[in-house]
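Inspection log for the structure reproduced underneath, given as structure tokens.
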Amino acid sequence: MAVYHNILYTPTPCGISFSVYIWTNNQTIVMPILQYEPLDYLSNVDNEATDEELKLVKDLISQELKSAKKLHPKVDQKFPPIPSIIQSSLEEIDSLQDKITFTFNGISESRYQEAKTDDQLDTLVSYTEMHHRSLELLQENTRNLYLINNSQLESIQEGLNQTIARKRKLVDRINNSRKRQQVDFRPLNKHLNNSWKESIKSSVDYGVECARIELASLDS
């Protein structure tokens, strides 16, 4: 009686599932061993993902998206549909825009005609003086407003630069702390990985031996 065995690594959303396949002359026995849930990626301990691993992840994501027939329920909450009243109003506006025709009659000559009375002349002079005064005030106020806005923008920019510098120092401090912890954890991680692999091998050998004994008892 021939007995063969192999280990199947099955990627899952939570990690990798390990199963032992045992082939005999007449049947196949599947023995699930364990479900491995990896920790988060450690940049200073873990190796960079290879192109084959990235391609495998992309393929798994594509397969999962193919089975999704509808959008996520929160999409409708974040982007509710346009009410029917507004939609009908927009459609009505679009239809009216196609029907509107613009006519240009040119420049009106009435404002450039000679004034006929003294009152009209006085009105024009007063309007011209007020308009000139308004332009002078506008020019002066615009200059002052520019200086005020420029000062406010400089103050805001200085505050943002200080905030950015403070957060950059905080990020550097956190990264250095994480790097130090990961470097200290590296020997322990190596030891745990070796122990884990040895445990897997022992479990596989134990499962194969149990299956061999069970099959031998059935044949006898």
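The values are calculated or read from the model by the stated rules, or taken from the named source; none is laboratory data. Quick caveat: nothing in here was measured; it's all calculated off a predicted structure. A quick note on method: Cβ atoms are made from the backbone with ideal geometry, for glycine too, and the neighbour counts reach across all protein chains shown.
Confirm whether Asp40 is under 30 Å from Asp184 (Cβ atoms) and modelled with pLDDT under 80. Before the answer, list the steps.
Details: under 30 Å from Asp184 (Cβ atoms): yes; modelled with pLDDT under 80: yes.
It is true that Asp40 is under 30 Å from Asp184 (Cβ atoms) and modelled with pLDDT under 80.
Mind listing just one residue for me: the one in region 183-212 that is without any contact (Cβ under 8 Å) to a residue 12 or more places away in the chain and aliphatic (A, V, I, L, M) and, of those, surrounded by the fewest Cβ atoms within 10 Å (Cβ to Cβ)? Break it down into steps so the answer makes sense when it comes.
Here is the first cut: in region 183-212, the ones without any contact (Cβ under 8 Å) to a residue 12 or more places away in the chain are 184, 187-188, 190-199, 201-202, 205-206, 209-210.
Pick out the ones that are also aliphatic (A, V, I, L, M) and you get 188, 192.
Details: Leu188: 9, Leu192: 11.
Per the criteria, the residue is Leu188.
Here is a list: Arg143, Arg173. Which entry is in a helix (DSSP H, G or I), closer than 30 Å to Asn44 by Cα and of a type in the set (D, E, K, R)? Don't jump to the end; show me each part of the working.
Values: Arg143 fails: closer than 30 Å to Asn44 by Cα.
The unique qualifying residue is Arg173.
Kindly indicate the residue of region 47-78 that is modelled with pLDDT under 75 and surrounded by 10 or more Cβ atoms within 10 Å (Cβ to Cβ) and also nearest to Asp184 (Cα to Cα) among those meeting that condition.
Out of the qualifying residues, it is Val75.
Mind checking whether some residue in region 150-167 is over 30 Å from Leu42 (Cβ atoms), part of a helix (DSSP H, G or I) and of a type in the set (Lys, Arg)?
no
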